[in-house]
1. From B:157, B:222, which residue is outside any strand (DSSP E or B), touching a Gly at 6+ places or on another chain (Cβ under 7 Å), modelled with pLDDT of 95 or more and buried (at least 24 other Cβ atoms within 10 Å of the Cβ)?
2. Hey, can you tell me all the residues within region A:134-179 that are under 19 Å from the mean Cα position of the chain (by Cα), of a type in the set (Asp, Glu) and either farther than 19 Å from residue A:123 by Cβ or at the interface with chain B (Cβ under 10 Å from one of its Cβ atoms) (or both)?
3. Out of everything in region A:151-188 that is without any contact (Cβ under 8 Å) to a residue 12 or more places away in the chain and part of a loop (DSSP other than H, G, I, E, B), what residue ends up being surrounded by the fewest Cβ atoms within 10 Å (Cβ to Cβ)?
4. Which of (1) hydrophobic (A, V, I, L, M, F, W, C); (2) within 11 Å of another protein chain (Cβ to nearest Cβ); (3) surrounded by fewer than 19 Cβ atoms within 10 Å (Cβ to Cβ) is the odd one out, the single condition residue C:100 does not satisfy?
5. If you take the residues of region A:310-335 that are under 14 Å from residue C:188 (Cβ atoms) and in a helix (DSSP H, G or I), which of them is nearest to the chain's Cα centre (by Cα)?
6. Of all residues in region B:19-66 being under 29 Å from residue A:296 (Cα atoms) and facing chain A (nearest Cβ under 9 Å), which is modelled with the lowest pLDDT?
7. Kindly indicate whether any position in region B:169-177 is out of contact with any His (no Cβ under 7 Å at 6 or more places or on another chain) and at the interface with chain A (Cβ under 7 Å from one of its Cβ atoms).
8. Just one of A:205, A:224, A:258 is more than 11 Å from chain B (Cβ to nearest Cβ), aliphatic (A, V, I, L, M), in contact (Cβ under 8 Å) with a residue 12 or more places away in the chain and closer than 29 Å to residue A:50 by Cβ; which is it?
Amino acid sequence: MLSSLAAKFKNSSTKFTADLGHRAKIRTALKSYEKARNGTQSQYQDWQAARTAASTIKWEAINHLDAYLTEFVEKLTARGTKVFWASNGQEARDYVVALAKEKGARSIIKSKSMTSEEIHLNEALRQAGYEVVESDLGEYIVQLREEAPYHLVFPAMHLTRHEISDLFQEKLHTPPTDSPEELTMIARRALRMKYLEADIGISGANFGIAETGMISITENEGNARLTTALPKVHVALMGIEKVIPKLADLALFLPMLATAGTGQQITCYNSLIGGPRQPDETDGPEEFHLILLDNQRTQLLADAEQRDALHCIRCGACLNVCPIYRNVGGHTYATTYQGPIGSVITPHLRGLMDWKHLSYASSLCGACTETCPVKIDLHHHLLHNRRNAVAQQPDPAERFAFRAFAFLTRFPGLLNRLARLSRHFMPLTNAARSFLPPPVKGWVASRDLPPIAAKSFRDYWRTR
Amino acid sequence: MNSGKREDILGRIREALRVPAPRLHAEHGAAPAPLVPVQPRAWLPSVPFDAEGQLALFQKNCVQLKTDLQLVSGVEAAMKTIVNLRNAHHWTMAAAHHHPLLDQIVPALGLETQYTEERPDSKSLEKCSVGITACDALIGQTGSILLTARSAGGRALSVLPPHHLVIARVDQLVPDLPAAFELLSARYVKNYPSFITFITGPSRTGDIERILVLGAHGPKNLTVILIQ
Amino acid sequence: MKINLFIPCFVDQLFPSVGISVVRIFEKLGHTVDFKEAIFCCGQPLFNGGYWEETRGIATRVLETLAGSDPVVVPSGSCAAMVKNFYPELFRKTPQAEAAVQLSERVFEFSSFLVDQLGITDLGSRFPAKVTFHDGCHGLRELHVKLQPRQLLERVKDLTLVEMEDQTSCCGFGGTFAVKFPMISTAMGETKSASALETGAEYLVSNDSSCLMHLQGLLSRQNQKLKTIHLAEVLASS
């Protein structure tokens, strides 16, 4: 029996895989990424060695997480940052809402943060009566459309310029245009005042540096810089797994994140924030709050076999190479983290039984594992999730079928004879297409069945 | 406000870490990869270490990034260049910070200039045509500019006005990212500024059909006057 | 030398000529070939389904039957990967752990065995046609088989190899995935067949019949003339 989430996934997959226009759009977008990435990656003297090193640094950080987090927080607090440890999304949301109330905030500006999507922060703030504006262009667009981001890194990848023009016409009352430059300028103008008037700026963090007590933010647009420069209060949201040991580690992670994420050598702005403005600085927020979020990350940490999934630097490369993602698109996953990494971690963050279907929706091709800059064993973890799901609650019919098959394999001669007999029924399968059980039906809907050989290999072997 | 569930979370972490994780999923059967010291310089794209080579690489990157690089022979030439830029871009008001190098060149603009030391309102900073800053270093490998809130007039000066102008000396060039991080440590380890940034080209986005557009939210124009 | 042939269940029942081709190739090279009738399946469908306990039942039989020291050659990347890479994980911390590792060291995918173990690329074959090659994912990413089939095809007389775009993209079979998520599997297969058709090749060659079965199913339904054929069948031609 499919869970309702699994059924929704199947329905959405069916819809998107039939949409050839969608397939073409995504293919074009990802082809351009592939070209850029291959070009940039080939400039490395040794990309594979860089991957190994990045993986090793993350291993060190995650497997000594308590020590590095403690050092990180000590350094931050020493220079005026207020650190809040949130066990779950509710505690994080409550903190931000209470802070907004305390500050009498009216307008809040945000830069991109998948962690904030994960805990539905915008929703909570809106319900409490605060205006929250997404400043990243792609996030701004999907916010206006009232839909979830389509991709970890490219939130509006599924939209054409015409759809965006229509959107701006409807929501911002701007004249139609098919120029990406003009559309970008419209968003820039609309957001300019928001930066200047916002009482609170909320950002994410790509990395947390234990050695120096800083967060690192990677972006191209400059919206995160503005979000963290102008408002009086800056709040950053960071998953506990983002901490890395040393500042110099960024010399490796910043270019690798860019190469894998967008195919750039390095993104336009990479900023380090170590606290509120210092006494000798002429501007900057008066308060800096850092919310450290657990929200089931410690659950994943406790699974030693899959612990390396916490190495993720959220580059999105695994989504880009995944043939399933390319065909079903980001919204089909119906959860914050999409693609292979999302399929691996969502069962840990949100429940195995509800989310195991994502682990089954894969041909296990391994392109994700091959591309991951920090060498997470992604496609093998999909297998691990499948095994764990069966151990917890196997489907009785499926288990029976597999057990029967396993039993029958002890009698190859019998199976061989049964196969020869079934040849006589093959012509009927075409006629009886609509009556066939789901596994076979699924095949013949779009594919011819392979013919069963008149003489099997073992028949040949016996008689030679 | 208290600090939240610190001990709960640390407790869960310690409990989870009692079971060791395999170090680097080893190729099946093979021993795990030996611990190699982290040496990004050996793996990142190679860079020349001579001054001329670094400058050439920096120039090449600027072209690709659409950073307007103006190589000049001295402070006098820089003063002429800044006036040319003012005319070409129709600057009406400038913003800057005080700095030995900038103080020689910025007045040549002959424009009303807001200085960040005077703590201008962000709304009036927003009206400036150009934000002028010094920098801590220039990075050949990536064509990046490294600056901090302490050394470059705060956080907003280099990102709010639509044009960012950096005035630097060619001896501020460092070869690569590892060198830039070494410089940061050496210079600031006793007291880091609250804000440090690596700027690589004008602001950009590819969010609309993956088509590159400059000037998303940060400056649309980035100019570097590099004094030899 | 004596070579143990592991014939995957679908090769045995659906594509026996693949197995027959392998036998002919090794015998022509002067080796003795053995086939253990007691083995029907490597257990991968159950393993991929998450039924590891039940898989161990099947796999134990394979371990026992293939005990010894002779190399085991498999004309399928996915089954070879199952035994070579996944049996050690499947049997970790069980009494058969060592046996699984020992067997793993002796298991080879067909093209890799020829080129890497026997050092042979020229089999004196002839196959006058324009072909393109699909890299099965297990062979490619689990076993790092990429150059070997091409080195072998290069030596086939009158054969022209044209590489397709996106040659390392998954065909969409993925075992039970093909029937659990048929719409996605089909979409992936359509993309792959389109790349293959674009080359103008007469034959689509692979080292994995499971991929070919899926792609042939799609091509036949679309009445395409492009034919699928296993690498061993090409190499056995003269």
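The values are calculated or read from the model by the stated rules, or taken from the named source; none is laboratory data. Owing to the predicted nature of the structure, the values given are computational and were not obtained by experimental measurement. All Cβ positions, even for glycine, are placed from backbone atoms using ideal geometry, and neighbour counts span all protein chains on display.
1. Going through B:157, B:222 in turn, the sole match is B:157.
2. A:136, A:139
3. In the first step, residues of region A:151-188 are kept if they are without any contact (Cβ under 8 Å) to a residue 12 or more places away in the chain; the result is A:163, A:166, A:169-170, A:173, A:175-176, A:181-182, A:185, A:188.
Still in the list and also part of a loop (DSSP other than H, G, I, E, B): A:173, A:175-176.
Numbers: A:173: 7, A:175: 9, A:176: 11.
Ranking the qualifying residues of region A:151-188, first place goes to A:173.
4. Here residue C:100 clears every test but (3).
5. A:325
6. The qualifying residue modelled with the lowest pLDDT is B:25.
7. Checked region B:169-177: at least one residue is out of contact with any His (no Cβ under 7 Å at 6 or more places or on another chain) and at the interface with chain A (Cβ under 7 Å from one of its Cβ atoms).
8. A:205
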